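Structure, as structure tokens:
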Amino acid sequence: MSVKRPRYVGTLTNRLVYEKLPPGVLDELRDKNPVVTTRGDRRYKLHQFLTEDVGHPHLAKHLTVVTTLMRVSSNWHGFERLFERAFPPQGPQQQELDLEESEDLG
């Protein structure tokens with residue numbers, strides 16, 4: 001039985017999990033676990049290079065938040081809005097105006 005997943009799953013995991021770890025962590029993980037195939041595969045999973053005392057607890061807390069956001073969202077678009085609110089993108093971004101939510105507050 002294969003455990004291979006579509007490449008998009010890796011992209012999604014990087015965007016939702018590893019890119020939101022403290023700055024520099026993802027780069028360090030990639031340095032410790034370089035690409036070994038022309039397809040871009042790595043020999044190990046990135047989480048295997050996190051430290052037991054800091055990295056694993058931080059990852060566990062982050063995954064708890066992400067899965068909670070997924071559970072309370074009614075669809076993917078709603079999850080993405082909540083995720084961006086909880087983990088704002090770095091750098092200048094144009095904010096989406098959510099009139100439906102604004103009406104609920106007033």
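All conditions in (1) more than 17 Å from Leu21 (Cβ to Cβ); (2) modelled with pLDDT of 95 or more hold for Leu69, with the sole exception of (1). The residue list Lys32, Lys20, Lys61, Lys4 contains one member that is more than 17 Å from the chain's Cα centre (by Cα) and at pLDDT 85 or above, which is Lys32.
Consider region 75-106. How many of its residues are at pLDDT below 70 and either closer than 19 Å to Leu26 by Cβ or not in a helix (DSSP H, G or I) (or both)? Spell out the reasoning first.
First, the residues of region 75-106 that are at pLDDT below 70: 91-106.
Among the residues that remain, those that are also either closer than 19 Å to Leu26 by Cβ or not in a helix (DSSP H, G or I) (or both) are: 91-98, 106.
Summing the residues that are at pLDDT below 70 and either closer than 19 Å to Leu26 by Cβ or not in a helix (DSSP H, G or I) (or both) in region 75-106 gives 9.
Of all residues in region 77-89, those satisfying the criterion of being of a type outside the set (Lys, Arg) and in contact with a helix residue (DSSP H, G or I) (Cβ under 9 Å, 6 or more places away or on another chain) are Gly78, Phe79, Leu82, Phe83, Ala86, Phe87. Right, Val9: surrounded by 15 or more Cβ atoms within 10 Å (Cβ to Cβ), of a type outside the set (Ser, Thr, Tyr) and under 12 Å from the mean Cα position of the chain (by Cα) or not? No: the conditions fail for Val9.
The values are calculated or read from the model by the stated rules, or taken from the named source; none is laboratory data. Since the structure is predicted, the reported quantities are computational estimates derived from the model, not experimental observations. We place every Cβ from the backbone using ideal geometry, glycine too, and count neighbours over all the protein chains shown.
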